[in-house]
Every structure is written in C-alpha cells, then in structure tokens.
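This report refers to the structure that appears directly beneath it.
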Amino acid sequence: MKMKAIIYVIIMCHFILHNSYAQHLTDSISKEKSQLIALTPLSKNIQKVNGIAIGFGHVHNGRVSEQKINGINVEANPAPIVGALMGFIIIMHLPDIIKANSPVHPNEDSFYETNPWQGTMPLVVNGLNVSTGMFFTSTKLNGCNISVFNTYHTMQGISVTALGNMVKYQKGVVIGSFNHSEHLQGLTIGIHNLSKNNHGMQLGIVNSSFYNNGLQIGIINLNKNKGLQFGLMNINKKRAMPILNW
C-alpha cells in the first residue's frame, strides 16, 4: 500500500513538472511573436516582421539575438546630419587621404577595415529598406537599400545612397559619394571608393585598395599591392603609370 502511494506521488510530481515546463515553452514562443506591421525600434519580444516595419530605425539591443524583417523597412532618423558632417570632413581631407594611401607609406591594412559592426548580426532585412539615415546595429541586408547613408555587416543586393556606404562584406552593387567596403565582391561606384580586399570593381574619381584582385577604373587609382588599374594616374607597389597599370 505504501509503495502504491509513493508511485502515485512520483507520477503526480512528474505530471505537474511536465505541465509547468510546457506552459513555460508556450509563454516563450508567444513572446517571440511575428507581426505584419511593427513600429521601430522593434520590441525585444518581436522576433519577425512579415510585412512592413516603420519608425525611427533600429538600435543595438544586447538582449536580442536576432530579429528579421521580411518585406519593407521604412525609417526616419537624424543620421543624415552625422553623415553630412562625415562627408564634409572627408572632402576637406581628401588630399591627406590620397597621400595616406600612397605606396611610399607603411602598409597598414588596418586602415582599410570597417570596425563599427563586428560579431553577430541581430538585424536581418530581406527586402526593401528606405531610410533617411542608417542602421545603428550590425545588419545583414538581402535586397535593396535607398537611403542618405548606410552601414552594414553584410550586404547582398544593391544599395543606393547620397553620401555613401560602409560595408564589411559586400556581394552586390553599392552607389554613393564615398564608399568603404572591407571585402568587396561586386561593384562600387562613387567619388571615392575604399576597400581592403577588392575582388570586384571600383569605379570612381579616386579608388583605393589594399589587396586589388579585381579592377579599378578612375582618375586616380591607388593600390598597396598589385592589380589591374585604368585611369589618368595609377599607383601600386611596383610602379606609377598613366592609363594602364598592373
């Protein structure tokens, strides 16, 4: 009789614990909900938006592992003010930038790295992004961007901006006044294009690369190592030549 009572107690405890755990999972799943329309910055409880996200943009949230937007992301933020200031500073110091990229100076490849967005990508946008500013968190874009300025960890598609683009891993086309791609596999078009590993094409007035395994076409092309260059003046590790260099 005592044995039956013990077995009964064990079964009841197991039943209670199982139901509590199932309820916990249900609550967790319900919190990580998907929405058709959402305001940004996204709540930490929203895991996915299948539709449209609209608001003031996205900021880094250490409590969120990943949030996805499948559709359209529209945001208005004050980043253009910062971007305009950066563009003005670059224009004012363009001669110094060209001089710093000259092969007569030490080969410091850290100058070509895009440091802002390292590590994981808490935001993934699959679709169209339209913004007055930029992403303020590490972002992967699969699709199209139209904005004043923007930064990405990974960009696969096309990005058209007024001021420029900063990309760690680029597979696609970026168009802007000033573009910085650490790992370039695609096409970059702008006034000044900068890359660490160029496996695609840079088309602009001034093009700068550390490792150029692709093509540079511009008025001034600068390369720390060897690579194919077409322009008025082409400078690499070995020589400086007009029209064509390799």
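Structural remarks
- Of all residues in the range 216-246 being over 15 Å from Val206 (Cα atoms) and basic (Lys, Arg), the one that is modelled with the lowest pLDDT: Lys226
- Any hit, the range 119-137, residues being within 24 Å of His199 (Cα to Cα), at pLDDT 90 or above and not in a loop (DSSP other than H, G, I, E, B): no
- Residue list for the range 208-238, filter: buried (at least 23 other Cβ atoms within 10 Å of the Cβ), in contact with a Gly (Cβ under 6 Å, 6 or more places away or on another chain) and within 11 Å of Asn198 (Cβ to Cβ): Asn212, Asn221
- Leading residue by the ranking (modelled with the lowest pLDDT) among those in the range 63-78 that are in contact with a Lys or Arg (Cβ under 8 Å, 6 or more places away or on another chain) and of a type in the set (D, E, K, R): Arg63
- Single residue of the range 47-73 satisfying the filter (among the aliphatic types (A, V, I, L, M) and touching a strand residue (DSSP E or B) at 6+ places or on another chain (Cβ under 6 Å)) that is farthest from Ser34 (Cα to Cα): Val59
- The listed residue being out of contact with any helix residue (DSSP H, G or I) (no Cβ under 8 Å at 6 or more places or on another chain), under 16 Å from Glu75 (Cβ atoms) and either free of Cβ contacts under 8 Å to residues at least 40 places away in the same chain or of a type outside the set (A, V, I, L, M, F, W, C) (or both), out of Leu141, Leu184, Leu128: Leu141
The values are calculated or read from the model by the stated rules, or taken from the named source; none is laboratory data. Values in this document were obtained by computation on a predicted structure and should not be read as measured data. Because the Cβ atoms are built from the backbone with ideal geometry, glycine has one as well, and the counts that use them run over all protein chains shown.
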